[in-house]
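Structure, as structure tokens:
The values are calculated or read from the model by the stated rules, or taken from the named source; none is laboratory data. Values in this document were obtained by computation on a predicted structure and should not be read as measured data. Ideal geometry is used to build each Cβ from the backbone, glycine not excepted, and the neighbour counts take in all protein chains shown.
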Amino acid sequence: MRLKNGKLIPVEVEINRDVDKPELKILIHSKITKSEENEVIKKIRWIFDTESDLKPLYKFMDSDPILRRVKENNYGLKHCSYSTVFEGIINTIIQQQISLKVAFHMSSLLVKKFGEHVKINNKEFWEFPLPEKLANATVKELKSCKLSRRKAEYIINFSRAVAKKKFNPESLKKLSRNQIIEKLMQFKGLGRWTIEMVIVTSIGLEGVSPAGDLGVRKAISHFYNNDKLMSEDEVRKLTDKWGKYNGIISYYLLAEMLH
């Protein structure tokens, strides 16, 4: 992971298998200062959502027979976040209208082509590309990562705004849902669904569910409409009833579908 001072730190995280007493073991393969160590730990806490308490969520899910079963099948599951909002936005653009499996492959190609890495004990540790690298990329180079021309243009244009300091993605963490939508809608290629996905995967704002996402629509339709695909508005009306838990519950339903 990249620290604020630009330093790349190779990090491994091991997770134990005790869901009642979960622990993360952090292996840092570099000499770092105490303040740098604290920054690494803070990032890992954010990525793995270590500070959230699942008990209130589970109490809420117990009130619905469907959600209670989903909870029991995915007990202990937490929603991981991207390391930075910039990374989350770029990945969400990649994920538009395609399967997650294909999107993950494209993201991997992007990281290997434009990202930096260090090698420790024959292990490669990769970091997501800097905005400057993607801002200077050509459409042809991005298309070599299996991206469409349109997505390549979206990524380049957004990265240029960040690289030129015209926009700071991390500042979105201080804003409300409507403010975030208003800010990001100014960029071509960032519509409501994409922005809601960014909020869920990169900002962690409660009470937001990407109701326009096809995967979310399919999952909720499976459990609540006998697999008959619900519209975005129908999904939104249903998930709104879950209040501040609608994002994490949608995530649980998606996870259950993958079993």
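Tabulated values for the structure
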item	result
Breaking point among (1) of a type in the set (Asp, Glu); (2) part of a helix (DSSP H, G or I); (3) under 22 Å from the mean Cα position of the chain (by Cα), for Glu37	(3)
Filter result for Ile220 (over 17 Å from Ile94 (Cβ atoms), of a type in the set (A, V, I, L, M) and buried (at least 22 other Cβ atoms within 10 Å of the Cβ))	yes
Residue list for the stretch 127-139, restricted to those being closer than 16 Å to His29 by Cα and either surrounded by fewer than 17 Cβ atoms within 10 Å (Cβ to Cβ) or among the hydroxyl-bearing types (Ser, Thr, Tyr) (or both)	none
Some residue of the stretch 16-28 being in contact with a Pro (Cβ under 7 Å, 6 or more places away or on another chain) and under 16 Å from Leu77 (Cβ atoms)	yes
Residue within the stretch 59-69 that is of a type outside the set (Phe, Trp, Tyr), within 22 Å of Arg2 (Cα to Cα) and touching a residue at least 60 places away in the same chain (Cβ under 8 Å) present	no
Candidate set: the stretch 233-254, residues that are among the hydrophobic types (A, V, I, L, M, F, W, C) and closer than 18 Å to Val198 by Cα; chosen: the one surrounded by the fewest Cβ atoms within 10 Å (Cβ to Cβ)	Leu254
Neighbours by Cβ (under 7 Å, 6+ apart or cross-chain): first from the stretch 200-217, under 15 Å from Asp240 (Cβ atoms); second surrounded by fewer than 19 Cβ atoms within 10 Å (Cβ to Cβ) and small (Gly, Ala, Ser)	Gly207/Gly243
Residue check for Ser176: in the same structural domain as Leu109 (by TED's automatic domain parsing), among the small types (Gly, Ala, Ser), under 21 Å from the mean Cα position of the chain (by Cα) and buried (at least 18 other Cβ atoms within 10 Å of the Cβ)	no
Within the stretch 98-136, tally of residues that are of a type in the set (S, T, N, Q) and under 17 Å from the mean Cα position of the chain (by Cα)	3
Which listed residue is touching a residue at least 40 places away in the same chain (Cβ under 8 Å) and of a type in the set (Asp, Glu), from Glu170, Glu182, Glu196, Glu232	Glu170
